[in-house]
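The values are calculated or read from the model by the stated rules, or taken from the named source; none is laboratory data. What you see is a predicted model, and the numbers here were worked out from it, not measured in a lab. With ideal geometry, Cβ positions are generated from the backbone for all residues, glycine too; neighbour counts draw on all protein chains shown. For accessibility, only protein heavy atoms count, side chains too; no ligands or nucleic acids. Shrake-Rupley method; radii C 1.70, N 1.55, O 1.52, S 1.80 Å.
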Amino acid sequence: MARIAGVNIPTQKRVEIALTYIHGIGRTKAQEICGKCGIPGERRVNEMSEQEVMGVREVIDRDYVVEGDLRREVAMNIKRLMDLGCYRGLRHRKGLPVHGQRTHTNARTRKGPARPIAGKKKAV
């Protein structure tokens, strides 16, 4: 089990896919990392040498913001918006969609489950 950036990455998957288990690394960044380390795309994690694992760790630590640092940075950005009291901050505070989506219908992911309104009759 290879441990990179505080995450146990799966050993049976290709390196390119396994790196995406780290928060902040998607397919494109995983391909970049493999390119910088000289790891072929079809290599599996359990086939990697200890030297290659160390190389991947060093590249990620040096060039990318991942896991806890990234989560903290995003949370601080949201907190800053909320403290400013700008429109986006107010939407975050109220738990509503931030990027201009409609809320009359849909938006259930942000708003949570529908709550019944007392005294409202069903339309016939």
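To the nearest 500 deg cm²/dmol, what mean residue ellipticity at 222 nm is calculated for the chain from DSSP H runs of n ≥ 4 alone, each contributing -39,500 (n - 2.57), summed and divided by the residues?
Value at 222 nm, helices only: -14000 deg cm²/dmol.
Using 20 Å as the cut-off for backbone N distance, which residues of the range 18-54 belong to the label zone defined by a point 7 Å from the Cα of residue 80 along Cα→Cβ?
24
Work out, step by step, the length gained on full extension between residue 96 and residue 11: first 0.36 nm times the residue separation, then minus their alpha carbon distance; give nm to one decimal.
26.7 nm
Which residue, 96, 19, 70, tops the fluctuation ranking in a GNM of the chain built on C-alpha contacts under 10 Å?
Greatest mean-square fluctuation among the candidates belongs to 96.
Would you tell me the accessible area of residue 61, worked out with a 1.4 angstrom probe on the heavy atoms of the protein chains, in Å² to the nearest 10?
Here the accessible area works out near 110 Å².
Rank 36, 121 by accessible area, highest first, at a 1.4 Å probe radius?
Largest to smallest exposure gives the sequence 121, 36.
Keeping all protein chains in place and using 1.4 angstrom, which order do 48, 76, 82 fall into by accessible surface area, from largest down?
76, 82, 48
If I model a spin label at residue 57 and residue 23 as a point 7 Å from the Cα along the Cα→Cβ vector, what separation in nanometres do I get?
About 2.1 nm, to one decimal.
Give me the distance between the Cα centres of the range 87-124 and the range 11-77, rounded to whole Å.
37
Using Cα pairs under 8 angstrom and six or more residues apart, how large is the relative contact order of the chain, in percent?
Rounded, it is 18 percent for the chain.
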